[in-house]
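Right, one structure below, let's go through it.
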């Protein structure tokens, strides 16, 4: 294992966060704060509790997951796309570093940024609503697993994208709508039976539900199923990345 190469990629990507602090950290935190103000305070004060949980506190896990998914994909996608755009990817591929080490460096940095962002949003939420965390270990485990999994997915998106505009297609046009429809602001048990069944085909439901269980022991689906869904998606992403490096898809052309 080439630790020096992994460290070089990791530190370079982390340094890029410092250079783009407003975009990487401040913007997501500000956007999430506005959600807390509008939904948690304004609308939440007019709503009854959901599953015995104050509405403002109920949406905390969903809003963290909303930012986490988008930022994990965006950070990882941009991180690997830039070397492709500048041609530096050929130097990386020619260096004495394996595909695994490249992935660890880029994905590790993106996942670290997302975990830091999630913790900052969690601390920010305390300024607006009062909430508890029943299972801190599992909360952190869901936070890390989700960050790593969607950073892997973002790595795939960054290689697939032919231009900067395509980097935003998946986070904005796919992930964000799925998150809004995945129980971020409501429990899927509030939906009619037909739409409850339809919603179960949305993978984000399992992420939000599992994460919310870690806070309040309240979930729409089994926690075991939520963890299994994350691990299955992570396995699919790892398989796709293995195929990309094996075939050189958009890397060696």
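Remarks
- Within the option set 200, 191, 207, being at pLDDT 90 or above, out of contact with any strand residue (DSSP E or B) (no Cβ under 8 Å at 6 or more places or on another chain) and under 30 Å from residue 136 (Cα atoms) holds for one residue only, 207.
- Of all the listed residues (205, 174, 157, 198), the sole one being part of a helix (DSSP H, G or I) and in contact (Cβ under 8 Å) with a residue 24 or more places away in the chain is 157.
- Members of segment 61-98 that are closer than 17 Å to residue 12 by Cα and assigned to a loop (DSSP other than H, G, I, E, B): 87, 95, 97
- Among the residues of this structure, residue 136 does not count as one that is under 22 Å from residue 55 (Cβ atoms) and over 14 Å from the mean Cα position of the chain (by Cα).
The values are calculated or read from the model by the stated rules, or taken from the named source; none is laboratory data. Treat the numbers as computed from the prediction; the structure is a model and nothing was measured. Please note: Cβ atoms are built from the backbone with ideal geometry, for glycine as well, and neighbour counts cover all protein chains shown.
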